[in-house]
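The values are calculated or read from the model by the stated rules, or taken from the named source; none is laboratory data. Computed from a predicted model, the values in this text were never measured in an experiment. Virtual Cβ from ideal backbone geometry, glycine too; neighbours counted across all protein chains shown. Just so you know, the surface numbers come from the protein's heavy atoms only, side chains and all, with ligands and any DNA or RNA stripped out. Shrake-Rupley method; radii C 1.70, N 1.55, O 1.52, S 1.80 Å.
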Amino acid sequence: MEQEEKGYFEYGFQYWSRNNFIVEDGVIKVNRASKPSLLEIVQKAKEFGIETPILIRFPHLIDRQMNKIYTTFQKAIEKEKYQGRFQAVFPLKVNQYSGFLNEFLRYAPKYGYGLEAGSKAELLLAISMNSHKAPITVNGFKDREMIELGFLATQMGHNVTLIIESLSELKDIITISKRFPKIPNIGIRIRLYSYGSGTWAKSGGIDSKFGLTATEIIQALRLLKQENYITFFKMLHFHIGSQIASIYTVQKALREAGQIYGELKKMGAKYLNKINIGGGLGVDYGQHKSRIDRNYTTEEFASTVVKIIKEVTDEKGIENPSIYAEFGRFVSANHAVLITSVLELYTQDYRENHLFLKERNNPQVIRILKEIYKKVDSQLDEDEILELLHETIQHVDSIETLFRLGYLDLQDRANIEILGQMIIKKILSILDKNELVEHDSLLHKIEERYLINFSIFQSIPDFWGLGQTFPIIPIHHLDKKAVRPASIWDITCDSDGEIEFDEKAPLFLHDIDLTTKPYYIGFFMVGAYQDTLGMRHNLFDRPSEIIVDVDEVGFSIRDSKVSKSLTDILSEIGYSYDEIYNKLREQINNISPLSSQDRDNIFLCIKKYFNMTNYLNRDEVWD
Ligand SMILES: *Cc1c(COP(=O)(O)O)cnc(C)c1O
């Protein structure tokens, strides 16, 4: 109960936060060592001239996830007396940004953690950044150059596995191999009947874009034998989709893959000794019980994998293979938080101080509503309150017609809207959810629109593209209960840039006065895919970002990148600074009459704009 008052339950910390963040003294703190609050971190960043929106990366949370993966699989292996090893590689497509990857790589050697690449650029990155002993797996469609790059990496001493997506890739590998003394490992991606469930179900299944069919697998094996390459065929790979919702799909896929593995061994793939289970280990984004993302824990996932592969291979009397995994979302989602400020509350005008009743001739409805407002009181019993509520709603609903027909003027309309809101809010503060059938629809009626300084398309593109939600929480004021049902508007000129209030998974924010102080909102778990999928709608580029280390003494901002300036943004899409400057100069020169002093002032002013970021600059009001 006490925790509930502190804002814990309202924002579902118990579902998503994994104790990475806690609430103390009304603010969200990083739950590590000196426990700095997110607010302190934002304020410190401001001292360095970095304004919201800010993406904060916490490297320790990357380490925590890697550690979780390794210890959990290690435990499962010991428990099941599994004979093979566990090995993880990070799939670069999930986050290739240096702000993430450099931090990941600081911890990777501790676990022998490798990398997975799915394109030439990613492979180049993997080869240059990976420590030599850790494995590199290569997925995706490959041209000869990409295959050659894999060979070159092998000559340099990297432990590379080229996983083929088609027979022609295998043929290319064989051709190219004639020119190199060392040959990389070869893997085959298989097409399973099984596929994941939920938002990301498409990457698996018999109709999926990826993997070899049964016939192709047999052909590949024949080719490998024929060309004497069977010694290099080491890995069987599948990936049933991201954010796997149900453990049953994992079980099915593993049994199916295990069968194929056993068959291939029987058919002469003597050196095959690794099963690569792909990614898909889910994370918990949900803030509500109704939005639980997965029906398993990480422990159950690991023990399911280990147990089934053991069962299938033991049954067939073959050695337990090494288990490779390519978890991406699980490693990177937690580490990044976007913090930004609310710019405006859009329906705040429905307050008593905006009520301007006329001296006389207020319409009848207004008199009635005023009386209802006075009558609503906690002394009344439930039925009486409900009756007043229904009366109010009926009156408020009638204004549309009355206004259209000219019986009400604009002032009357405003007054009625305000009175209606005041009554509903008062009733909601007295009756609780269980006593009120129309509770949820009333929340919609008093919903507040929070205009927030960020772009959904840039910072949480998966919300736009797939409806994926992320935990959204004010980072302060959590000692007060938030009561406003909130929908969120971003600053793009696109009506999709909105997170609507959802009564099934409601978001409440504070009723806050923004004239004197900022109100900061955090978007959590945005570290997987969002960095790289983010798009520049309305030219809102990547927000500023900082890397924050937390230790016993405090915290430090190790690295920072300010969001791009207007000139940089424009130059990236093909306009040079000079071109824009000269065009503006010409137009300014044509303003007449204008003193040369004024002209210079305009230039100075415009030059200043060139260096600003594209996000709204409201913070100085609060400084
Ligand atoms: C995307 C992808 C992954 C990562 O999936 P997550 O759900 O992020 O763990 C792993 N392997 C392959 C082949 C992929 O395409």
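If you go through segment 66-86 one residue at a time, do you hit one that is of a type in the set (Gly, Ala, Ser) and modelled with pLDDT of 95 or more?
yes
Yes/no matrix, rows are residues, columns are (1) acidic (Asp, Glu); (2) surrounded by 14 or more Cβ atoms within 10 Å (Cβ to Cβ); (3) farther than 30 Å from Phe524 by Cα:
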position	(1), (2), (3)
Ser341	no, yes, no
Leu345	no, yes, no
Phe356	no, no, yes
Gln379	no, no, yes
Leu388	no, yes, yes
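Only one of (1) part of a loop (DSSP other than H, G, I, E, B); (2) modelled with pLDDT of 90 or more is not met by Lys358, so which one is it?
Going through the list (1) part of a loop (DSSP other than H, G, I, E, B); (2) modelled with pLDDT of 90 or more, Lys358 breaks only (2).
Here's the yes/no breakdown for (1) among the hydroxyl-bearing types (Ser, Thr, Tyr); (2) away from the ligand (no atom under 16 Å from the Cβ); (3) within 30 Å of Ile136 (Cβ to Cβ); (4) surrounded by fewer than 23 Cβ atoms within 10 Å (Cβ to Cβ):
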| site | (1), (2), (3), (4) |
| --- | --- |
| His288 | no, yes, no, yes |
| Tyr296 | yes, no, yes, yes |
| Thr304 | yes, no, yes, yes |
| Ile309 | no, yes, yes, no |
| Lys316 | no, yes, yes, yes |
| Ala336 | no, no, yes, no |
| Glu352 | no, yes, no, yes |
| Arg360 | no, yes, no, yes |
| Ile366 | no, yes, no, yes |
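Of the residues Ile588, Ile580, which is hydrophobic (A, V, I, L, M, F, W, C), within 37 Å of the chain's Cα centre (by Cα) and surrounded by 11 or more Cβ atoms within 10 Å (Cβ to Cβ)?
Ile580
List every residue pair whose Cβ atoms lie under 8 Å apart, where the two residues are 6 or more positions apart in sequence or sit on different chains, the first residue falls within segment 138-155 and is within 13 Å of the ligand (Cβ to nearest atom), and the second residue, located anywhere, is of a type in the set (Ser, Thr, Tyr) and open to solvent by 10 Å² or more (accessible area, probe 1.4 Å).
The qualifying pairs are Gly140/Ser119; Phe141/Ser166.
Which residues, taken from segment 490-507, are among the hydrophobic types (A, V, I, L, M, F, W, C) and either buried (at least 18 other Cβ atoms within 10 Å of the Cβ) or in the same structural domain as Phe90 (by TED's automatic domain parsing) (or both)?
Scanning segment 490-507 gives Ile491, Ile499, Phe501, Leu507.
Out of (1) under 29 Å from Ser544 (Cα atoms); (2) not assigned by TED's automatic domain parsing to the domain that holds Phe210, the odd one out for Ala76 is which?
Of everything listed in (1) under 29 Å from Ser544 (Cα atoms); (2) not assigned by TED's automatic domain parsing to the domain that holds Phe210, Ala76 misses just condition (1).
Among residues belonging to segment 74-106 that are assigned to a helix (DSSP H, G or I) and within 14 Å of the ligand (Cβ to nearest atom), point out the one that is farthest from Ile163 (Cα to Cα).
Among residues in segment 74-106 that are assigned to a helix (DSSP H, G or I) and within 14 Å of the ligand (Cβ to nearest atom), the one farthest from Ile163 (Cα to Cα) is Phe100.
Residues that are under 35 Å from the mean Cα position of the chain (by Cα), open to solvent by 20 Å² or more (accessible area, probe 1.4 Å) and closer than 27 Å to Ile22 by Cβ: does segment 427-444 have at least one?
The answer is yes; a qualifying residue exists.
Report whether or not Phe104 is closer than 23 Å to Gln243 by Cβ, of a type in the set (Phe, Trp, Tyr) and crowded, with 24+ Cβ neighbours inside 10 Å.
Judged against the criteria, Phe104 is not a match.
Please find, among Met267, Met235, the residue that is of a type outside the set (D, E, K, R) and within 16 Å of the ligand (Cβ to nearest atom).
Exactly one of Met267, Met235 is of a type outside the set (D, E, K, R) and within 16 Å of the ligand (Cβ to nearest atom), namely Met235.
Quick check: anything in segment 119-136 within 15 Å of the ligand (Cβ to nearest atom), of a type in the set (Val, Ile, Thr) and either assigned by TED's automatic domain parsing to the domain that holds Lys178 or surrounded by 15 or more Cβ atoms within 10 Å (Cβ to Cβ) (or both)?
yes
Please work out which one of (1) closer than 30 Å to Gly241 by Cβ; (2) open to solvent by less than 20 Å² (accessible area, probe 1.4 Å) is the condition Lys142 fails and give its number.
Going through the list (1) closer than 30 Å to Gly241 by Cβ; (2) open to solvent by less than 20 Å² (accessible area, probe 1.4 Å), Lys142 breaks only (2).
Can you say whether Leu419 is open to solvent by less than 50 Å² (accessible area, probe 1.4 Å), touching a residue at least 40 places away in the same chain (Cβ under 8 Å) and over 36 Å from the mean Cα position of the chain (by Cα), as far as the supplied structure shows?
Considered against the rule, which asks whether it is open to solvent by less than 50 Å² (accessible area, probe 1.4 Å), touching a residue at least 40 places away in the same chain (Cβ under 8 Å) and over 36 Å from the mean Cα position of the chain (by Cα), Leu419 comes out as yes.
Name the single residue, out of those in segment 519-541 being touching a Lys or Arg at 6+ places or on another chain (Cβ under 8 Å) and surrounded by 19 or more Cβ atoms within 10 Å (Cβ to Cβ), that is nearest to His335 (Cα to Cα).
Step by step, filter segment 519-541, then rank; the result is Gly527.
Pick from Glu391, Glu371, Glu326: which is at pLDDT 90 or above and within 16 Å of the ligand (Cβ to nearest atom)?
Glu326
When Ile573 is evaluated against the numbered criteria (1) open to solvent by 90 Å² or more (accessible area, probe 1.4 Å); (2) modelled with pLDDT of 90 or more, which criterion, by number, is the only one it fails?
Ile573 satisfies all of (1) open to solvent by 90 Å² or more (accessible area, probe 1.4 Å); (2) modelled with pLDDT of 90 or more except (1).
Step by step: first the residues of segment 200-228, then only those that are assigned to a loop (DSSP other than H, G, I, E, B) and open to solvent by less than 20 Å² (accessible area, probe 1.4 Å), then the one that is modelled with the highest pLDDT. Which residue is that?
Of everything passing the filter in segment 200-228, Gly211 is modelled with the highest pLDDT.
Quick check on segment 15-23. Is at least one of its residues assigned to a helix (DSSP H, G or I), over 25 Å from Pro543 (Cα atoms) and open to solvent by 30 Å² or more (accessible area, probe 1.4 Å)?
yes
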